[in-house]
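The values are calculated or read from the model by the stated rules, or taken from the named source; none is laboratory data. Keep in mind that what you see is a predicted model, and the values were worked out from it rather than measured. Glycine gets a Cβ as well: all are built from the backbone with ideal geometry, and neighbour counts include every protein chain shown. The accessibility values were calculated without ligands, DNA or RNA, using every heavy atom of the protein model including side chains. Shrake-Rupley method; radii C 1.70, N 1.55, O 1.52, S 1.80 Å.
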Amino acid sequence: MRIIVSIICLVLALCSSAQDIRTRRAVENLMPDAVCLYSNGEILKAGEMFGVMLKEDPSNDALHYYYGMCKLLERKLPEAEKHLLKAVELDPSNNWYREALASLYDAQGRSDKSAAIYLELYDKDPKSYTTPFVLSMLGDRELSSYRDTSALEYYRRALDLDPSYPPALLGEAEIYRVRGNYPSFFLNINRFVSDPNILPQARAQYLDNMLQNFDPKAFRTWGAQLDSLVDKGVRVSPRDTSMLKLAGRWYYGTGRKDKGISYFDRLLEASPESMSAHMIRIQLLIEDSRYDEVIEECRKMLSFCEDKDKLTVLSIMGDAFHQTGRTREAYKTYEKVLKIDSGYCPVLNNYAYFLSLEGRKLHKAEKMSRITIAAEPDNPTYLDTYGWILHLLGRDSEAKVHLKRAVVYGGTDSPVVLSHYAEVLRSLGEKDLAKYYESLAERKK
């Protein structure tokens, strides 16, 4: 009996061994084709082949690596992480696998995990991993742990290898800024801003963040250098919309309106069908009460804007008509919006409020305004409109509830809301409280 059992086990083992051999040979035959597809950028086809092979040979580290890379390129990051981790587990000595996993963590914004991998690789093989990329990443890690001196050392070593490497330049500059060493800070940032190889959007984003966080006390001393950085960024990329928008905002926001507007004009020239460029132009016109020009700007935008933006443009156009006294045209424009979207709150609110100012069609105004507070019950502007319409309809007790809510949710900053609340309180006989809110409204004015 034992001899028979042993023979059966031996036969099964041989069959299993033969099956393993056939599986390995099948994988070996398919692998070059799949790798070739991967190398040629045919990621979906390659991924399908690697997936089929993995089912047959789940302990193959190379298959997990390539399948994980396919998923990484498809932006299916959780699945990519699962297979790259498995590849590392099956072959911990393979640095390719670890580098791929670090790239995945970078794509996920998990720079702490990425830095940990590169630090480990650097410790094992400093010669192979002494690159500007790795050294800058190590510098970032040190800087995030408030170890400025060691971070500065890493950044300097990175810049020794590549004097224009952006992450190292910015890392070193940040240390100088925190330490108040502005001459060295501006030296680094000038090199960064002057580099034509850096994406303009990255340049604009950095400058935007830096300008917003720059020490106001140092502004008087270093304002000219900040202006120079902004102007230089535009000179390097003269038609880049992100830089032109930044320059316009910088000069306009620091009181140099004419220069800011000149940059905004250039922005519109560079991107004549940009919604954001036109919206900036409209905002500037509204600030100067040039409503006829706002209407013309809106007409231009309606000729090219997408359907999703037409509601906003028509809404602005209707408000501009009202500001110029062309009430009938304003209401016609609002009706166009409401035919497209009957629940569009900005138009419902303004339409209802303007009707209330005229004291007509109050029941229609009440219905429109009621929709806005149902949609946004904590919006003080909408609550104020609804409360005021209820007051005009003689429903003061209800009006008080909504106007009080408007005050609670931010209406204390608005003299209009405070005046409306005071008027309703007076109508209800609460004279002392009405006087208090009247005085608040006067102070806000």
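Name, by its number, the condition in (1) open to solvent by 30 Å² or more (accessible area, probe 1.4 Å); (2) part of a helix (DSSP H, G or I) that does not hold for Asp378. The number of the failed condition is (2). Only a single criterion out of (1) more than 30 Å from Glu306 (Cβ to Cβ); (2) part of a helix (DSSP H, G or I) is not satisfied by Ile373, namely (1).
What are the residues in the range 392-403 that are open to solvent by 30 Å² or more (accessible area, probe 1.4 Å) and under 16 Å from Ala352 (Cα atoms), if any? The answer is Leu392, Leu393, His402. Looking only at residues in the range 404-445 that are farther than 19 Å from Glu376 by Cα and outside any helix (DSSP H, G or I), the one that is most open to solvent (accessible area, probe 1.4 Å) is Lys445. Within the range 237-261, being in a helix (DSSP H, G or I) and open to solvent by less than 50 Å² (accessible area, probe 1.4 Å) holds for Ser242, Met243, Leu244, Leu246, Ala247, Gly248, Trp250, Tyr251, Tyr252, Gly260, Ile261. Here Lys71 passes the criteria (1) within 30 Å of Ala168 (Cβ to Cβ); (2) surrounded by 17 or more Cβ atoms within 10 Å (Cβ to Cβ) except the one numbered (1).
Residue pairs whose Cβ atoms lie under 8 Å apart, separated by 6 or more positions or on different chains, with the first residue in the range 42-64 and more than 16 Å from Glu81 (Cα to Cα) and the second polar (S, T, N, Q) and modelled with pLDDT of 90 or more, are Met53/Asn60. Selection of first residues in the range 297-319 that are closer than 12 Å to Ala330 by Cβ and of second residues that are among the aromatic types (Phe, Trp, Tyr) and open to solvent by less than 20 Å² (accessible area, probe 1.4 Å), restricted to Cβ pairs under 7 Å at least 6 apart or on distinct chains, gives the following pairs, ordered by first then second residue: Gly318/Tyr334. Taken together, Glu296, Glu329, Glu273 contain a single residue that is part of a helix (DSSP H, G or I), closer than 30 Å to Arg239 by Cβ and open to solvent by 20 Å² or more (accessible area, probe 1.4 Å), which is Glu296.
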